[in-house]
Amino acid sequence: GESVGLHLPTLSVQEGDNSIINCAYSNSASDYFIWYKQESGKGPQFIIDIRSNMDKRQGQRVTVLLNKTVKHLSLQIAATQPGDSAVYFCAEGGASKIIFGSGTRLSIRP
Amino acid sequence: DTAVSQTPKYLVTQMGNDKSIKCEQNLGHDTMYWYKQDSKKFLKIMFSYNNKELIINETVPNRFSPKSPDKAHLNLHINSLELGDSAVYFCASSRGQDRYEQYFGPGTRLTVT
């Protein structure tokens, strides 16, 4: 069956440090893997996606790594800032829909 | 300029009532979605429309009826509301049905008492 899960429900990091949010998936047939960010009281916001035939993709201050051997996805945020505080969702894309994981809350310590 | 807007933002109603949530996007996208987010933040797709045609219906009770009068609007009507319908409902849109960069509205918090 389809499932997307996260290793940690909460993550606390020092401001300025790098954050790594991990995710496990089970559906090897997904075309894309996606990360969304949801700030308190707002709708989810697209961060970055990676096609299933890639293993790394970089954006502005973010890097997504895909390890298909162990079905693992991670989001790395460089130099974490207070504005990065949010719930982060990994998701799988395929068959014209997105299946979201359960989310990791990232909190930033000053 | 609001890209994806929803009304109302909050909706409190009693069991058994019928209510509607409206969604509009001004991005020129041709695909729109409804998602439900429960109290544990779990986000699940309910429906998607491409060019006003229903393409995804994720085993949602038929008390929920989406309607797309045009590409820029996707409304959600809910009949005979139940306690379990309490959640935050998000509308979203994207350029194409196989695009995973979706733009979400601010959400409608529905509370059924």
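The values are calculated or read from the model by the stated rules, or taken from the named source; none is laboratory data. As the structure is a prediction and not an experimental result, all values here were calculated from the model. Please note: Cβ atoms are built from the backbone with ideal geometry, for glycine as well, and neighbour counts cover all protein chains shown. Surface areas here come from the heavy atoms of the whole protein model, side chains and all, with no ligands, DNA or RNA. Shrake-Rupley method; radii C 1.70, N 1.55, O 1.52, S 1.80 Å.
Of note:
- Share of carbon and sulfur in the accessible heavy-atom surface of the range A:9-48 [1.4 Å probe, %]: 44
- The charge dipole of the protein assembly as shown, taken about its Cα centre with unit charges on the Cβ atoms of Lys, Arg (+1), Asp and Glu (-1) only, comes to about 160 debye.
- Whole-number percent relative contact order across chain A, with pairs defined as alpha carbons under 8 Å at least 6 apart: 37
- Restricting attention to chain B, the count of lysine pairs at 8 or more positions apart or across chains with alpha carbons under 23 Å apart stands at 29.
- Relative intensity of the range A:4-101 on a log10 scale, I(q)/I(0) at q = 0.13, 0.18, 0.22 Å⁻¹, equals -0.41, -0.80, -1.18, per a Debye sum over C-alpha point scatterers of equal strength in the absence of solvent.
- Whole-number percent relative contact order across the range B:4-112, with pairs defined as alpha carbons under 8 Å at least 6 apart: 37
- Cβ-derived FRET efficiency at R0 22 Å, B:D38 paired with A:H72, nearest 0.05: 0.30
- Cα-projected label distance for A:S26 with A:R51, points at 7 Å along beta-carbon direction, nm: 2.8
- When the charge dipole of the protein assembly as shown is built from unit charges on Cβ atoms (+1 for Lys and Arg, -1 for Asp and Glu) and taken about the Cα centre, the candidate among B:A92, B:I55, A:P9 whose Cα reaches farthest toward its positive end is A:P9.
- The charge dipole of chain A, taken about its Cα centre with unit charges on the Cβ of Lys, Arg, Asp and Glu (plus for the first two, minus for the last two), comes to roughly 60 debye.
- If you run the Gaussian network model on chain A, springs between alpha carbon atoms under 10 Å, then out of A:L11, A:L66, A:L75 the most flexible one is A:L11.
- Cα centre as origin, Lys/Arg/Asp/Glu Cβ charges: the range B:4-112 dipole, Debye: 220
- Under-5 Å amide H pairs with A:G59, H placed in peptide plane, nonlocal only: A:V64
- Protein-protein interface of the range B:78-113, residues with accessible area decrease of at least 10 Å², isolated chain reference, 1.4 Å probe: B:F90, B:Q97, B:D98, B:Y100, B:E101, B:Q102, B:F104, B:P106
- Sequence-distant lysines (8 or more away, or on other chains) whose Cα lies within less than 21 Å of A:K68: A:K56, A:K97
- Value of Rg to Rh for chain B (Rh from inverse mean 1/r over Cα pairs, i.e. Kirkwood): 0.94
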